[in-house]
Amino acid sequence: MTTLRALLLALVLACTAAVPAKASELIADLSQHLIAITTGFSGANVLLFGSVEAPGDVVVAVSGPKHDITVRRKARVGGVWVNNDQMTFASAPAFYALASSAPIRKILSEGERGVHKIGVHHLSLTPKGEEPPDRLSDFREALIRNKQNQGLYAEDAGKILFLGKQLFRTDITFPANAPVGTYEVQVLLVRDGKVVAAEITPLSIGKVGFEANVYNFAYDYGLLYGLLAIVVATVAGWLASVAFRKS
């Protein structure tokens with residue numbers, strides 16, 4: 001713990017030296033800004049650390065990447081379950097995680113959480129087109145529930161630890177199925193129920209090496225990739241049948 005504290009202090013001091021002479025209410029950074037997905041990737045932890053000028057609570061929200069997400073509702077028709085209704089949410093975050101130095105409900109009111117989009121139920125999940133409130137609520141809850149089942153929307157807030165009165169740290173955990181793309185890490189300083197300072201820093205998750213080449217090829221040349229996949233599967237099946245026939 002002593003070594004970690006010394007490391008964090010050195011990093012924070014380095015960040016402080018890079019800012020203007022005017023005191024900053026809040027300084028925060030990440031131990032890394034790129035998570036590389038390679039063979040055997042099973043998730044990653046990223047250290048977020050920082051300092052505050054004066055005592056207060058800290059909230060960290062991580063969201064992204066944003067893209068259109070379609071939620072479908074199934075119904076039983078003629079004894080078979082089929083999709084009979086759907087709703088598409090524009091630019092919805094595929095991942096969301098939250099951490100705080102104290103229980104969120106104790107440091108931020110419902111109104112403040114809504115203003116700063118803190119918590120999954122305050123996310124900007126906007127449908128494409130006008131939707132009745134009741135229908136929108138049902139599909140919105142379904143989207144959140146699906147993401148939580150996938151481990152992509154955190155149900156509970158993580159813990160931010162203070163080392164002394166000024167230095168703080170927390171670990172941001174990304175599961176193995178975390179989507180590729182750019183994430184937004186928002187850090188808020190809270191005093192007396194109000195957000196008094198904020199910092200936003202980007203973080204990227206991307207494929208590298210052979211995985212990146214295959215991913216880019218599949219994305220850029222979808223039809224050719226599909227044909228090659230069929231050829232490879234056919235050849236593999238034929239070789240397996242030959243091997244078993246000889247044995």
Find all pairs meeting these conditions: Cβ atoms under 8 angstrom apart; at least six residues apart or on different chains; first residue within the range 121-140 and of a type in the set (D, E); second residue part of a helix (DSSP H, G or I). E131/F139
State yes or no: is V19 within 25 Å of V195 (Cα to Cα), aliphatic (A, V, I, L, M), modelled with pLDDT under 95 and surrounded by fewer than 16 Cβ atoms within 10 Å (Cβ to Cβ)? yes
For the range 35-48, indicate whether the set of residues that are surrounded by fewer than 20 Cβ atoms within 10 Å (Cβ to Cβ), farther than 30 Å from E141 by Cα and at pLDDT 95 or above is non-empty. yes
Among the residues that make up the range 99-107, is at least one of them touching an Asp or Glu at 6+ places or on another chain (Cβ under 7 Å), hydrophobic (A, V, I, L, M, F, W, C), surrounded by 12 or more Cβ atoms within 10 Å (Cβ to Cβ) and in a helix (DSSP H, G or I)? yes
Quickly run through the range 63-79 and pick out the residues that are exposed (fewer than 14 other Cβ atoms within 10 Å of the Cβ) and assigned to a strand (DSSP E or B). H67, D68, T70, R73, K74, A75, R76, V77
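Listed here are the residues, each with its yes/no results for (1) closer than 14 Å to A61 by Cα; (2) acidic (D, E); (3) assigned to a loop (DSSP other than H, G, I, E, B).
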{"position": "S91", "(1), (2), (3)": "no, no, no"}
{"position": "R113", "(1), (2), (3)": "yes, no, no"}
{"position": "K117", "(1), (2), (3)": "yes, no, yes"}
{"position": "G129", "(1), (2), (3)": "no, no, yes"}
{"position": "D134", "(1), (2), (3)": "no, yes, no"}
{"position": "D138", "(1), (2), (3)": "no, yes, no"}
{"position": "E155", "(1), (2), (3)": "yes, yes, yes"}
For the range 147-170, state whether one or more residues are under 15 Å from Q32 (Cα atoms) and either at pLDDT 95 or above or surrounded by 15 or more Cβ atoms within 10 Å (Cβ to Cβ) (or both). yes
Members of the range 144-184 that are touching a Ser or Thr at 6+ places or on another chain (Cβ under 7 Å), hydrophobic (A, V, I, L, M, F, W, C) and under 17 Å from G43 (Cβ atoms): A176
Residue count, the range 178-192 (criterion: closer than 16 Å to V52 by Cβ and in a loop (DSSP other than H, G, I, E, B)): 1
May I ask you to say which residue of V82, V60 is without any contact (Cβ under 8 Å) to a residue 60 or more places away in the chain and part of a strand (DSSP E or B)? V82
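The values are calculated or read from the model by the stated rules, or taken from the named source; none is laboratory data. The structure presented is a predicted model; accordingly, all values stated were derived computationally and were not measured. Virtual Cβ from ideal backbone geometry, glycine too; neighbours counted across all protein chains shown.
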